[in-house]
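In what follows, a single structure is set out as structure tokens and then discussed.
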Amino acid sequence: MASEVTHTAATFADHLPVLQILVPFIAAPLTVLIGSRALAWPIAFVSSAIAAVIAFALLMKTMGGEVISYHLGGWAPPLGIEYRVDAANAFVLLLVCAISTIVLPFARTSVAAEIPKRQHTLFYTAYLLCFAGLLGVAVTGDAFNVFVFLEISSLSTYVLIAQGSYRDKRALTAAFDYLMMGTIGATFFVIGIGLLYMATGTLNMADIADRIAEQGSNRTVRSAFAFIVVGIGLKVAIYPLHLWLPNSYTFAPSAVTAFLAATATKVAIYVLMRFVFSVFRPDFSFANNTLEFIIIPFAILAMFAASFIAIFQSDFKRMLAYSSIAQIGYILLGIGFLTQTGLTAGISHLFNHGITKAALFMGVGALVLRTGSSFYSRLEGAGRTMPWTSAAVVIGGLSLIGVPGTAGFISKWVLVQAALEKGWWPVALLIVASSLLAVIYVWRVIETLYLKPATGDAATATEAPASMLIPLWIMAAACIYFGFDTQITIGASQTAAQGLLAGAVGMAH
Amino acid sequence: MFEEFTWEFIVGHLNYWLFIVLMMTGLYIVVARSNLVKKLVGLNIFQVSVFMLYISMGKITGGTAPIFPTDMKVDPGVTYSNPLPHVLILTAIVVGIATTSLALALIVRIREEYNTIDEAGILEIESTICRAENQLHGEAMGGRA
Amino acid sequence: MDTGTAILLSILVPFAAVFGNLILRNNPNARDGMTLVAAVLTFLLVLRILANEGNGTSETYTLFSILPGIDIAFNVEPLGLMFAIIASGLWILTHLYGIGYMRGNDEKHHTRFFACFAFAISSVMGIAFSANMFTLFLFYEALTISTYPLVAHKGTPEAIKGARTYLGILIGTSIGLQLVAVVWTFTITGTLDFTRGGILEGHIAGPMVAVLLGLYAFGIGKAALMPFHRWLPAAMVAPTPVSALLHAVAVVKAGVFTMLKVGIYIFGIDFLASSGASVWLMWLAAFSIVAASVVAMTKDNLKARLAYSTISQLSYITLGMALATSMGALGGGMHIATHAMGKITLFMCAGSIYVATHKTEISQMTGLGRRMPITFAAFLIGALSIIGLPPFAGSWSKWLLVVGAADASQWVMIAVLMVSSLLNVAYLMPVVARGFFLPNPDPDAEAATRADEATRTVREANVLVWAPPAVTALGCVFLFFYASEIQTFLSPIVAAN
């Protein structure tokens, strides 16, 4: 049929959406097939860098509000699988790729120190699979495809976390717990998709959206929504579903934590947004009520409860893990506002918090490398022996608090603005109040690094190697840079928010 | 809302009842058993329930296997079952197998490190470690929260 | 050099000095010399701006835009220019004093100290020249963060505790209240530019005006309005040069400066007066003035007494804004200058005494005046200026505040100002009196001889420590005679649009 020809992508540039995933996806088995320990890291790095370039190109294309619809294998949706790139997921893609490309050089040193040599090749294979899976989740427009990619990334995540067992055996149980909960979450998600398929007879997200709009809300659609929100919620670590997170982040290898904290939960949040806004549409009142009466209260609870727990930790890494749960609360809160400004805040915080946490977890990784531990008592006085690492940690910490001039401030500003626009006074006050809790837990670290007399390992520690410092400082510099230049972050977030609020514009082309 | 629960409704949704029973059985095992392998079995039952849901979803009353005759002369009077859910669940089964094998591998490693695959025992060992760490490092609370 | 470049440089030069300090950390003389050059350069740059703009308001120089409607932008207006002149001018003196103090006192971590100091000055310049509330907020927070290491400088448990209080209250109020106020202002008006006559009129009405003003007033924790004043005494654990410049001039003045800016350029004096939103603030400021003075009398530690005196004096300025009259605002503005001059003198004297004798309690200072005449003379002049006696600078700003209160028909406020002057006498003069006149109050004869012996051997510490307070003391006299110039200089801020 002649009309099908038009669906077939013609130029190289048209194939970008699929190349985005294919590059790391092919690189992953390649590392195993080549089997060379020396080549594993270069392959991972190069493929990640190529993916970053592609992601950047995609974002530039979609920044203006254009939507790219790529038909896998030339099969037109809704029957074929559609990859759909708009400003929102191009932004997420770029975040994932950029973080990965910057974390990898760091990982090389960190992994060499934390994981035995024989595992290195397979480590990078798992890493690449996880990376490809995350990209796939973000890029695909097919509901079942989301599940498949989600499981690819999750399974490799469990493996990556378990690699921490060479430092602390609790990584194994952390990975196992996460596997149990993650699988239950993914299965819930797949039940939700099944129910949606029953109700609509299609798996293409845009198509599902159209059909739900036609038939309105019914019991099947509502229960599908519930299953999907809970399933994805587990991956997001929405407050009461966060139990897997602290141990996983604490015991995973430093590089893995830095990568996952900055990307995995963020991608999951994106999926949540995609389903809530593009599939179920904002006018689906059930979704609205869920957001307003379930997600928002839990988000606020997370902001306080998790921050509060973070204050009392004696382990830097675990403290950051709890702070992540709290910060996810901010993002969900922004989404829950269901307004243009709120969504902009949520999406930009997704990015800003991503880079902030990447910087901080890399900082922890560098400290762990030199002092052998992330407990505060072992890090006392490291500010003098490891000035560059510590300074970067301070910058990351300030961004976590949301001090003006850092990336964290920008999204917090927009978030407060969104709350005030809605006239939600108390919420605005709660947002700033919970930032004050962040001041406390960040300041404990700063006092530990600078004001305590150097004892033990930190006193004799030397500055981290350049291979760690450079990625760390790129992230720290990004925390400052995006505190001033908001063109990319806020610009893309606004376009993305517009796109999401308008709902999927039906089937593209 | 209960008037629709007629006998026919209940029998007509037999596959869903099965699905629900299996799913709950699986979840219950995951939560209630402390042996890690048994937990995993529970997880598998839980996943299988979803396979059931999908497979039964594809069945159309009076439908036959969705195989076209070789000469491609499709009789418009024949109803075919929907093959798509079956295909989907093939993927899900593969994912399930991968999950199971990974979990088993983890259990092996846990057995090596902890000398037990009983959750209670593992928790006890971990809380001992946590207590030791807290004594060493903690000025406040901490450990496995 | 055009004004825009000069503004930018006046922020960047101290900022560059931060890195200069870090680079030259192994060569103390070069490092301190470099900072001195930077300080002089900054001062000259500010004078250049003064020569360019006089007391006019310059155009706005936008550096770049952060969000739509929110820019990093600078401009010059009389109040900010005055603040910049004071801060940069006193930086030179304080730096010299700081060198003498740090070396004379064998303090540690000189590089960190001077680097953070320079960073703080850079932030102050940013605050002084901010053209909108966002820019101001940015530098306001930078000032908090950069002064934290100075407060925690000694690293002792009590220094860390004091620094925690310092940071906790300042960050707590600024993020918890001020940020909300700023975002709220932006949400209802769509702009944050400092505009003559205010930007809020017509966008907000009724009791909400008072609520917003409250968010600002308490949110500007650096103004030390009660009950958010605890950080100031807590910050006195810092080395004295820090207390002198930062807690008599830069930090606290940044607070009241922000307060005046908000009152004059965000709310607008007329809007404040017509809405009556600031009446409660006026009473609170009056309470702060009296209460802090009373507390000051109970303190034996000289720096703590001065700290409470500062809290009291800062509320004069808040009061000037809250009176919502032109004279009140002018008086508040002028009090920034006169109090800065007086209080820095007092603090530097306290440091001078500490370096020479290591004494911190007033009761131990008996008879020291005769051994350290210059220090104590400077202290006397500073004290008289704070009290508000002619011919010292403080008298004029107090006079303007009284006139402002009369304009607003707030007779109680006039009474408060008078009572406060009396209280000032009561807590400042004993220090001088003890130093000069009390010979030997110690009842224990043997101990008395020893104390006397110790006192007799005391002499003025090195010249870098006693000369700066002498200079600022002279400044107090000088300002008295040029008060009308300052008043004329500031008058545009309250002129009708």
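The table below lists the values:
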{"item": "Equivalent ellipsoid semi-axes - Cα gyration tensor, the protein assembly as shown, angstrom", "result": "63, 33, 25"}
{"item": "Convex hull volume per residue for chain B, taking Cα atoms only, in Å³", "result": "185"}
{"item": "Estimated FRET transfer efficiency (A:Leu79, B:Arg33; beta-carbon r; R0 60 Å; 0.05)", "result": "0.90"}
{"item": "Cα-based Rg and Dmax for the range A:208-290, where Dmax is the largest Cα-Cα distance (Å)", "result": "15.5, 49"}
{"item": "Sequence-distant residues sharing a close amide H with B:Asn35 (under 5 Å, placed H)", "result": "B:Glu119"}
{"item": "Separation in nanometres of the label points that stand 7 Å from Cα toward Cβ, at B:Tyr80 and C:Met208", "result": "6.4"}
{"item": "Kirkwood Rh and Cα Rg combined as Rg/Rh, chain C", "result": "0.96"}
{"item": "Accessible area of the range C:278-497 belonging to carbon and sulfur atoms, whole % at 1.4 Å probe", "result": "69"}
{"item": "Beta bridges by DSSP in the protein assembly as shown, antiparallel share as percent, to the nearest 5", "result": "90"}
{"item": "Scattering profile of the range A:296-500 at q = 0.08, 0.14 Å⁻¹ [log10 I(q)/I(0), Debye over alpha-carbon scatterers]", "result": "-0.27, -0.76"}
{"item": "Shielding by partners - mean other protein chain Cβ count within 10 Å, residues of B:126-134", "result": "2"}
{"item": "Net dipole in debye of chain C [+1 Lys, Arg Cβ; -1 Asp, Glu Cβ; about Cα centre; nearest 20]", "result": "960"}
{"item": "Whole-number accessible area per residue in Å² for the range A:292-409, which is evaluated in the context of all protein chains at 1.4 Å", "result": "19"}
{"item": "Separation of alpha-carbon centers, the range A:130-198 and the range B:73-94, rounded to whole Å", "result": "27"}
{"item": "Mean ellipticity per residue at 222 nm, deg cm²/dmol - from DSSP H runs of n ≥ 4 across the protein assembly as shown, formula -39500 (n - 2.57)", "result": "-24000 deg cm²/dmol"}
{"item": "Burial of 40 Å² or greater, the range A:300-324 residues [accessible area, probe 1.4 Å, versus chain by itself]", "result": "A:Phe312, A:Ser314"}
{"item": "Whichever aspartates and glutamates have a C-alpha closer than 12 Å to that of B:Lys38, once near sequence neighbours (fewer than 8 apart) are set aside", "result": "B:Asp118, B:Glu119"}
{"item": "Percentage, to the nearest whole number, of Cα pairs in chain A over 39 Å apart", "result": "18"}
{"item": "Tensor-based shape of the range C:72-139 (alpha-carbon gyration tensor, a/c under 1.5 rounded, otherwise prolate or oblate)", "result": "oblate"}
{"item": "Amide H within-cut-off set for A:Tyr70, under 5 Å, with H built and near neighbours excluded", "result": "A:Tyr83, A:Arg84, A:Val85"}
{"item": "Ranked by how many other beta carbons lie within 10 Å on average, peptides C:322-335, B:56-69, A:174-187, A:14-27 from highest", "result": "C:322-335, A:174-187, A:14-27, B:56-69"}
{"item": "Whichever lysines have a C-alpha closer than 18 Å to that of C:Lys108, once near sequence neighbours (fewer than 8 apart) are set aside", "result": "A:Lys452, C:Lys154"}
{"item": "Test item: Cα-centred dipole of the range A:120-231, Lys/Arg +1 and Asp/Glu -1 on Cβ, debye", "result": "340"}
{"item": "Inter-chain Cβ neighbour average for residues C:173-180, partner chain, 10 Å", "result": "6"}
{"item": "Solvent-accessible area per residue, Å², over the range C:278-497 with all protein chains present [probe radius 1.4 Å]", "result": "37"}
{"item": "22 Å tail of the calculated P(r), the range A:108-243, as % of Cα pairs", "result": "46"}
{"item": "Nonlocal amide H pairs with C:Leu63, under 5 Å, H built at 1.01 Å", "result": "C:Ile72, C:Ala73, C:Phe74"}
{"item": "The range C:278-497: C-alpha gyration tensor shape, a/c 1.5 cut-off, then a/b vs b/c", "result": "prolate"}
{"item": "Cα centre as origin, Lys/Arg/Asp/Glu Cβ charges: the protein assembly as shown dipole, Debye", "result": "2320"}
{"item": "Whole-angstrom gap from the range C:211-236 to the range C:16-59, using each part's C-alpha centre", "result": "30"}
{"item": "Accessible surface buried once A binds B (1.4 Å probe; total of both sides; Å²)", "result": "4100"}
{"item": "Dipole-positive endmost among A:Ile294, A:Leu500, C:His339 within the protein assembly as shown (Cβ charges, Cα centre)", "result": "C:His339"}
{"item": "Summed buried accessible area for C+A [probe radius 1.4 Å, Å², rounded to 100]", "result": "2700"}
{"item": "The range A:427-509 - Rg (one decimal) and Dmax (whole number), Cα, Å", "result": "20.8, 65"}
{"item": "Reach of A:Lys117 by Cα under 30 Å, taken over lysines that are not fewer than 8 positions away in the same chain", "result": "A:Lys169, A:Lys317, A:Lys357"}
{"item": "Pairwise centroid distance, computed over Cα atoms, of the range A:369-445 with the range C:83-101, Å", "result": "32"}
{"item": "With every protein chain in place, chain A: carbon and sulfur % of accessible area (1.4 Å)", "result": "68"}
{"item": "Ellipsoid semi-axes in whole angstrom, largest first, where each is sqrt(5λ) of the Cα gyration tensor of the range C:140-218", "result": "34, 13, 8"}
{"item": "Number of partner chain Cβ atoms within 10 Å, mean per residue of A:170-183", "result": "6"}
{"item": "Overall form of the range C:371-438 per C-alpha gyration tensor (a/c, 1.5; a/b vs b/c)", "result": "oblate"}
{"item": "Farthest toward positive dipole pole in the protein assembly as shown [+1 Lys/Arg, -1 Asp/Glu at C-beta], among C:Thr187, A:Gly372, B:Trp7", "result": "A:Gly372"}
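The values are calculated or read from the model by the stated rules, or taken from the named source; none is laboratory data. Only a predicted model underlies this, so the values are computations on that prediction, with no experimental measurement involved. So basically every Cβ, Gly included, is an ideal-geometry build from the backbone, and we count neighbours across all protein chains shown. We work out accessible area using only protein heavy atoms, side chains counted, and drop any ligands, DNA or RNA first. Shrake-Rupley method; radii C 1.70, N 1.55, O 1.52, S 1.80 Å.
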